[in-house]
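Computed from the coordinates by the stated procedures, all read-outs in this text should not be read as laboratory data. Quick caveat, the model's predicted, so the values are computed rather than measured. Using ideal geometry, Cβ is built from the backbone for each residue, glycine included, and neighbour counts are taken over all protein chains shown.
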Amino acid sequence: MRRDRRLESILDAGAAVLAERGFYGCRMRDVAARSGVSPANLYRYVRGKEELLYLVQRRVLERAIASAEAAQAVRGAEKQVKSLVTDHIRRVLAFPEEAQLLRGDATPLPDHLVRRIEALRNQYAELVRGIIDGLARRKGERRAESERRVQLLMGMADRVAIDGSRQTPLPRPDRLAAPVLDVFQNGARKRRTR
């Protein structure tokens with residue numbers, strides 16, 4: 001197995017153990033067992049729990065940033081938002097443990113790693129805010145409330161993705177995204193029934 005694939009396997013196992021047991025309950029021997037490497041070999045890839053948590057969170061944020069950048073490349077404000085939300089839901093469905101860790105606190109990490117994680121979170125937030133602001137401009141709305149709009153949209157996307165990750169089989173991300181986008185773009189209006 002190549003080094004990169006082995007590290008990915010370790011990060012997958014680490015994300016699962018960290019999500020199940022939390023930072024303080026995570027044991028590196030459990031990560032080693034779940035990833036199929038010996039504890040001694042594990043330390044060739046990751047020096048300890050702090051680095052493991054950092055690497056998992058960094059990977060999640062780098063994926064999120066790449067997704068937001070791809071959404072920005074789509075033509076049209078509404079299509080950008082749709083791409084952003086659909087891919088966010090897809091990532092939560094595919095990597096629920098990582099998504100759970102991202103929502104958690106980075107404080108068990110040393111300050112220099114916390115700053116790196118926060119810089120990545122801020123970069124992602126700026127990309128999302130830019131996409132949301134583009135939609136607001138298109139609709140002639142004020143930009144001043146963009147932070148609340150970001151929290152609302154991503155909170156709704158997170159909630160439906162978390163609920164969807166508990167279903168078998170997993171629902172399609174675009175189907176989960178549709179009502180989120182409808183409520184976000186059109187409001188929670190009453191639908192007329194005949």
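Of interest is the spacing of the C-alpha centroids, which for region 61-119 and region 1-60 amounts to 20 Å. Mean residue ellipticity, 222 nm, helices only, the chain: the sum of -39500 (n - 2.57) across DSSP H runs of n ≥ 4, divided by residue count and rounded to 500, is -26000 deg cm²/dmol. Dipole check for region 54-186: with +1 at the C-beta of Lys and Arg, -1 at the C-beta of Asp and Glu, and the Cα centre as origin, the magnitude is about 340 Debye.
Placing unit charges on the Cβ atoms of the charged side chains and taking the dipole of region 54-186 about its Cα centre, the candidate lying farthest along the positive direction among GLN100, LEU113, PRO171 is PRO171.
Where is the GNM fluctuation largest for the chain (alpha-carbon springs, 10 angstrom cutoff): VAL56, VAL31, VAL46? Looking only at VAL56, VAL31, VAL46, the biggest GNM fluctuation is shown by VAL46.
For the chain, the longest principal axis of the C-alpha atoms and the axis of helix 146-165 are separated by about 60°.
Computed about the Cα centre, the dipole magnitude for region 1-46 is approximately 200 debye when only Lys and Arg (+1) and Asp and Glu (-1) carry charge, each at its Cβ. Computed from Cα atoms, the angle from the helix 49-72 axis to the main principal axis of the chain rounds to 30 degrees.
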